[in-house]
Each structure stands twice: as C-alpha cells, then as structure tokens.
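Student: What follows is a single structure, and I will ask about it in a moment.
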Amino acid sequence: MADLKELPTKTVILGVLNLGNQNVEAPQGVADRIRSALKYVPPERLVIAPDCGMKYMARATAFGKMKAMVDGVKLVRKELGKA
C-alpha cells in the first residue's frame, strides 16, 4: 500500500476482494484493506472495486463477495462520518 503515496494526484481503484479463492471475505476484512489504503490516499481519490471479474465464480459466491465489499465500504464511511 505504501506505493500509493507515489501517486499524489491519481484516482486509485483499489481491489479489495481475493478472487483467487471461493471464500467470501468478512466485511471487517474488506474495511481493513480500505483503511490501509486511506493512510496513503484520501477518500475522494479512492475507488473501491472487486479486483477483477467474477465470471467464473458461482453466482452465490460472487454475490457474497460483492455484499462483503459493500458492507466493508459502509463500515469505513460510517467511521469517516460519510454514512
């Protein structure tokens, strides 16, 4: 994540899901990844994304991962007072 500080004017799309396995992340784990990036990139330049496509995942797994991503974002937004 420290490499993000080398991009002081860029919008960063941050992949927060591991699509290499079928395990659904916990929202708290997603929130932790977002918080790590926020040490180097302000929230207005940070776009949260899955990391890649989910074409080959089972629908329920993909849905669970996306829900975890959204719920993780909600946790961080609440902490930032942007809920």
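The values are calculated or read from the model by the stated rules, or taken from the named source; none is laboratory data. On a predicted model such as this, the values are computed, not experimentally measured, just so you know. Note that we place each Cβ from the backbone using ideal geometry, even for glycine, and neighbour counts take in every protein chain shown.
Student: Say we look at segment 1-57 and pick out the residues that are of a type in the set (D, E, K, R), more than 19 Å from Lys78 (Cα to Cα) and surrounded by 13 or more Cβ atoms within 10 Å (Cβ to Cβ); which of these is modelled with the highest pLDDT? Give the derivation first.
Tutor: Filtering segment 1-57 for residues of a type in the set (D, E, K, R) gives 3, 5-6, 10, 25, 32-33, 35, 39, 44-45, 51, 55.
If we keep only those that are more than 19 Å from Lys78 (Cα to Cα) too, we end up with 3, 5-6, 10, 25, 51, 55.
This time we only want the ones that are surrounded by 13 or more Cβ atoms within 10 Å (Cβ to Cβ), so: 25, 51.
Values: Glu25: 96, Asp51: 83.
Within segment 1-57, the match that is modelled with the highest pLDDT is Glu25.
Student: While we're on this one: I need the full set of residues from segment 58-83 which are of a type in the set (A, V, I, L, M) and either crowded, with 16+ Cβ neighbours inside 10 Å or closer than 27 Å to Asp3 by Cβ (or both), in order please. Reasoning before the result, please.
Tutor: Start the filter on segment 58-83 by keeping residues that are of a type in the set (A, V, I, L, M), which leaves 58, 60, 62, 66, 68-70, 73, 75-76, 80, 83.
Selection gives Ala62, Met66, Ala68, Met69, Val70, Val73, Leu75, Val76, Leu80.
Student: As an exercise: evaluate Tyr40 against (1) in a helix (DSSP H, G or I); (2) of a type in the set (Phe, Trp, Tyr); (3) touching a helix residue (DSSP H, G or I) at 6+ places or on another chain (Cβ under 9 Å) and give the number of the one condition it does not meet.
Tutor: Only one criterion in (1) in a helix (DSSP H, G or I); (2) of a type in the set (Phe, Trp, Tyr); (3) touching a helix residue (DSSP H, G or I) at 6+ places or on another chain (Cβ under 9 Å) is unmet by Tyr40, namely (1).
Student: Cβ-Cβ distance below 8 Å, separation of 6 or more or different chains: which pairs start in segment 10-26 with a residue that is more than 19 Å from Asp71 (Cα to Cα) and end on one that is of a type in the set (Lys, Arg) and modelled with pLDDT of 90 or more?
Tutor: Between residues of segment 10-26 that are more than 19 Å from Asp71 (Cα to Cα) and residues that are of a type in the set (Lys, Arg) and modelled with pLDDT of 90 or more, the close pairs are Lys10/Arg45; Thr11/Arg45; Val12/Arg45.
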